[in-house]
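Right, one structure below, let's go through it.
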Amino acid sequence: MDTLEKLKTTRRREQELERLSPFELKDNLIKLAQPESVKKMASQMLNAGRGNPNWISTIPREAFFTLGKFGIEECRRVMNDPSGMAGIPEQKGIGKRFQTFLRENKEMPGIDLLKKLFQYGVKQKGFSADAFAHELAEGVIGDQYPTPDRMLKHTESIVHDYLIQEMCNTTTPAGSYDLFAVEGGTAAICYIFDSLMENGLLKKGDKIALGVPAFTPYLEIPELERYNFKVVHVKGSAKTKDGKSNFQYPEEELDKLGDKSIKAFFITNPSNPTSVEICDQCRKYLVKVVKKLNPNLMILTDDVYGTFVEGFTSLMKDLPKNTICVYSFSKYFGCTGWRLGVIAIHRENIYDDMISALPEKEKNG
């Protein structure tokens, strides 16, 4: 093949790659990085990165499907029509019936997790056995709208404990958080931007900061026509002593956040695709900049990968009143298809204060 033909072939390949979405490009790169000899190895690479993990967590699923058996039994207990119709679970006495189910089905997959879950709720959280078991049965059957409509009562309390454990390194900040269930991290970010705009805290064309490198859709969302934000990049450009990039934020980059014309700071922590947690030094400096120079800075942090980092600390702990935290169960539990995410916002926050301070015309408009 002559040089000209090689150049044409290379250019055609480049054009093919340019047409790929970020996720398709990622899949192609993974294929190229795995020769046939690696693909045939017994020990397979576990991928929890962008896109779909190539593994699942079995125990939660086993518990979920076994809980489904209990839910169906409770429905049939109320009404069991031969045509295949059943009733809806009844709360009275369901706590004892669930305990009987756990005893009589001790060989079923996931039963140990269900026992621990129920014991945790009743003994450690102080839940009513009937109310908790009823929520579990109705939740797994999916026969009712959730009440309250943002998240089930007992589920929210348990997820709250989980987030404190995983996002705050088991240290509870003063006060507590309201949680809102959503369909994964990207949807959560869109909901947050929409809510901030609907409530007059962000306006089309406002200036926001974005920590980079960043997950590709997060680079694109602020530029959508509905937002059209002016984006200031806060660059993870720091280097180690030997000149290698460590993707931390230098002080001069974090100083950008002291500009009060910047209304919000959008960050992924640990970062995606670089997989780096914000170091303690950077986090402390960021807190100092916000508190001293821009106390009303709205911080949106996507902490989806925090559960992969031992001792991880989210900004929801360091700046609880400023921070809206987004977390997704998808990657850590290998369940991207279930679209399980949550938004956490502290009950004492700058958002409520700023909404209260809006002119009456804007509040009523």
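Quick notes
- Being at pLDDT 95 or above, within 26 Å of the chain's Cα centre (by Cα) and among the aromatic types (Phe, Trp, Tyr) is a property that Phe132 has.
- In region 45-63, the residues that are farther than 15 Å from Gly337 by Cβ and open to solvent by 60 Å² or more (accessible area, probe 1.4 Å) reach residues that are modelled with pLDDT of 90 or more and not in a loop (DSSP other than H, G, I, E, B) with C-beta atoms within less than 9 angstrom, at least six apart or across chains, in these pairs: Ile59/Asp112; Ile59/Leu113; Glu62/Ile111; Glu62/Leu113.
- Considering the conditions (1) crowded, with 17+ Cβ neighbours inside 10 Å; (2) modelled with pLDDT under 95, Glu310 is excluded by exactly one of them, (1).
- For region 239-257, the tally of residues that are more than 15 Å from Asn269 (Cβ to Cβ) and either part of a loop (DSSP other than H, G, I, E, B) or free of Cβ contacts under 8 Å to residues at least 40 places away in the same chain (or both) stands at 11.
- With respect to the conditions (1) surrounded by fewer than 11 Cβ atoms within 10 Å (Cβ to Cβ); (2) in contact (Cβ under 8 Å) with a residue 24 or more places away in the chain; (3) not hydrophobic (A, V, I, L, M, F, W, C), Lys123 lacks only one, and its number is (2).
- Residue count, region 147-168 (criterion: touching a Lys or Arg at 6+ places or on another chain (Cβ under 9 Å), touching a residue at least 24 places away in the same chain (Cβ under 8 Å) and not in a helix (DSSP H, G or I)): 1
- Lone unmet requirement of (1) assigned to a helix (DSSP H, G or I); (2) within 24 Å of Tyr332 (Cα to Cα) for Thr171: (1)
- Of all residues in region 203-238, those satisfying the criterion of being of a type in the set (A, V, I, L, M) and in a loop (DSSP other than H, G, I, E, B) are Ala214, Leu224, Ala238.
- Residue count, region 160-172 (criterion: over 11 Å from Ile343 (Cα atoms) and either open to solvent by 20 Å² or more (accessible area, probe 1.4 Å) or out of contact with any strand residue (DSSP E or B) (no Cβ under 7 Å at 6 or more places or on another chain) (or both)): 9
- Failed item, numbered, when Thr301 is tested on (1) touching a Ser or Thr at 6+ places or on another chain (Cβ under 9 Å); (2) at pLDDT below 95; (3) not in a helix (DSSP H, G or I): (2)
- A search for C-beta distances below 7 Å between a residue of region 312-330 that is under 12 Å from Ala344 (Cα atoms) and free of Cβ contacts under 8 Å to residues at least 40 places away in the same chain and any residue that is surrounded by fewer than 21 Cβ atoms within 10 Å (Cβ to Cβ) and not basic (Lys, Arg), counting only pairs 6+ apart in sequence or on different chains, returns Lys321/Glu348; Lys321/Asn349; Lys321/Ile350; Asn322/Ile350.
- Residue count for region 104-126, restricted to those that are in contact with a Lys or Arg (Cβ under 9 Å, 6 or more places away or on another chain) and assigned to a loop (DSSP other than H, G, I, E, B): 5.
- Restricting region 260-288 to residues that are open to solvent by 60 Å² or more (accessible area, probe 1.4 Å) and under 26 Å from Tyr191 (Cβ atoms), the residue that is modelled with the lowest pLDDT: Pro273
The values are calculated or read from the model by the stated rules, or taken from the named source; none is laboratory data. Owing to the predicted nature of the structure, the values given are computational and were not obtained by experimental measurement. Note that each Cβ is placed from the backbone with ideal geometry, even for glycine, and that neighbours are counted across all protein chains shown. Please note that ligands, DNA and RNA were not included when accessible areas were found on the heavy atoms of the full protein model with its side chains. Shrake-Rupley method; radii C 1.70, N 1.55, O 1.52, S 1.80 Å.
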